[in-house]
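This report refers to the structure that appears directly beneath it.
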Amino acid sequence: MDDTRLHKTGRKIQSAFYQRDPLSPKFRVNLMFGLRFLQMSLLVPLYRGQQQSARALPVRFVEVPAVKKPGKKASPEEKLAWKQKTRELNLSTRSVEVARTLRTSLDAAGAADRILLLVGDNSFCNRTHFRAEWDRTELIVRARRDLKLCRRAPLGGPRFYDSTKFTPLDGYQDQSIVWKKAKIFHGGRWRMLRYKDVTNVFWQTGAGQKPLRLLVVAPIPYHVGGSKRRSHRDPAFLLTTDLRAPAGHLLQPYFDRWQIEVNHREEKDTLGVGQAQVRSLQSVPRQPAFAVAAYSALLLAGLLAYGADRTDDYEPLPKWRRGAKRPSCLDLLTVLRTEMAENPDLLQPFGIHPDWISLGKTAAA
């Protein structure tokens with residue numbers, strides 16, 4: 001799960017507001033005017049049957065507008081009501097509600113015996129998510145390195161939390177905690193990953209008395225520009241509510257989480273999600289959600305019809321781009337346009353009469 005922004009310029013869109021631009025540099029926070037949406041995608045583990053990365057299929061795309069702040073002349077009661085609404089109607093509370101509806105949909109689809117694992121970034125590492133009551137749902141998110149964690153206090157005393165606090169960075173630097181290895185699929189091949197597993201930790205200000213599990217992922221070495229010097233990335237700190245699953249089963253979905261970023265890029269750049277000029281209260285959230293639903297159906301149809309690899313069923317790639325292993329959204333759209341032009345009879349019940357001229361103009365727009 002992740003949140004995304006859609007740029008807007010119309011001042012008559014009631015749910016649009018100024019918000020932090022996620023593309024801002026670290027040294028300066030920029031603002032953007034637009035809409036905020038929450039997206040949840042289902043990860044398809046294609047690497048279990050072939051040498052192919054996971055694919056994310058969007059299953060939820062919900063608008064999460066901000067509660068508008070009252071004016072300077074507002075009464076104290078109105079300001080108090082606004083503060084209460086900001087606690088009840090925000091990204092965290094809305095994501096909990098949407099995740100519960102997803103759990104209900106999985107039960108209706110015959111997956112009542114499966115555990116739903118929610119994977120998120122640092123913005124979902126808060127007390128709203130960790131103190132929520134989950135039903136057959138586990139959570140794994142990225143945590144700050146300076147988070148204050150502790151153990152359970154010795155039994156027999158009045159305290160529940162131990163007075164000795166430690167941070168995830170302390171767990172990374174602690175030599176007494178041994179490094180373990182797990183095999184995950186990332187970057188087109190299987191890799192060995194080093195991690196530390198610290199169980200039964202407590203986040204007093206976040207999760208309360210709910211036991212958690214800390215996973216510390218070792219920095220990944222890499223080379224830059226053919227240089228022989230090897231550099232390392234920063235370590236990753238993950239907090240999860242799942243205390244029983246093997247660490248590899250939790251680390252693999254987290255490494256696959258970046259697939260939702262691929263969804264965001266293809267939705268905005270290829271399909272133009274958010275470019276429709278709508279402003280009514282119903283059209284503003286529904287039109288992007290409909291486009292994302294069509295995008296998800298396109299990805300699923302491509303997997304079922306042609307598989308996960310980029311086969312000869314797609315158009316040949318240019319000479320400068322020969323290393324594509326899986327089809328992109330544009331590849332699937334090209335195949336769809338070709339099939340629409342070659343099979344017009346199948347589209348007559350829908351009142352659609354495509355031709356190569358109209359399809360070419362649509363592709364060039």
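Residues satisfying the criterion are present in the stretch 329-349 (criterion: part of a loop (DSSP other than H, G, I, E, B), farther than 21 Å from residue 51 by Cβ and either free of Cβ contacts under 8 Å to residues at least 40 places away in the same chain or of a type in the set (S, T, N, Q) (or both)).
Tell me, which residue of the stretch 279-288 that is touching a residue at least 24 places away in the same chain (Cβ under 8 Å) and assigned to a loop (DSSP other than H, G, I, E, B) is surrounded by the fewest Cβ atoms within 10 Å (Cβ to Cβ)? Going through the qualifying residues, I end up with 281.
Each row is one residue, and each column tells you yes or no for (1) in contact (Cβ under 8 Å) with a residue 12 or more places away in the chain; (2) more than 22 Å from the chain's Cα centre (by Cα).
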residue: 213; (1), (2): yes, no
residue: 220; (1), (2): yes, no
residue: 247; (1), (2): yes, no
residue: 253; (1), (2): yes, no
residue: 264; (1), (2): yes, no
residue: 274; (1), (2): yes, no
residue: 290; (1), (2): no, no
residue: 306; (1), (2): yes, yes
residue: 318; (1), (2): no, yes
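When the stretch 33-52 is filtered for residues that are surrounded by 18 or more Cβ atoms within 10 Å (Cβ to Cβ) and in contact with a strand residue (DSSP E or B) (Cβ under 7 Å, 6 or more places away or on another chain), the ones remaining, listed by number, are 34, 35, 36, 37, 38, 39, 40, 41, 44, 46, 47.
The set of residues from the stretch 235-253 being part of a strand (DSSP E or B) and either in contact with a Cys (Cβ under 6 Å, 6 or more places away or on another chain) or at pLDDT 95 or above (or both) comprises 237, 238, 239, 240. Among the residues of the stretch 49-74, those identified as of a type outside the set (S, T, N, Q) and more than 22 Å from residue 1 (Cα to Cα) are 49, 68, 69, 70, 71, 72, 73, 74. Among the residues of the stretch 154-163, are any out of contact with any His (no Cβ under 6 Å at 6 or more places or on another chain), at pLDDT 95 or above and part of a loop (DSSP other than H, G, I, E, B)? No, because not a single residue in the stretch 154-163 is out of contact with any His (no Cβ under 6 Å at 6 or more places or on another chain), at pLDDT 95 or above and part of a loop (DSSP other than H, G, I, E, B). Taking the residues in the stretch 15-50 that are in contact with a Lys or Arg (Cβ under 7 Å, 6 or more places away or on another chain) and in a loop (DSSP other than H, G, I, E, B) as candidates, determine which candidate is nearest to residue 67 (Cα to Cα). Among them, the one singled out is 16.
Listed conditions (1) within 22 Å of residue 337 (Cα to Cα); (2) touching a strand residue (DSSP E or B) at 6+ places or on another chain (Cβ under 6 Å) are all met by residue 271, apart from (2).
Under the condition of being aromatic (Phe, Trp, Tyr) and either in contact with a Gly (Cβ under 8 Å, 6 or more places away or on another chain) or not in a loop (DSSP other than H, G, I, E, B) (or both), the residues counted in the stretch 316-328 number 0.
The values are calculated or read from the model by the stated rules, or taken from the named source; none is laboratory data. Keep in mind it's a predicted model, so treat the numbers as computed, not measured. Ideal geometry is used to build each Cβ from the backbone, glycine not excepted, and the neighbour counts take in all protein chains shown.
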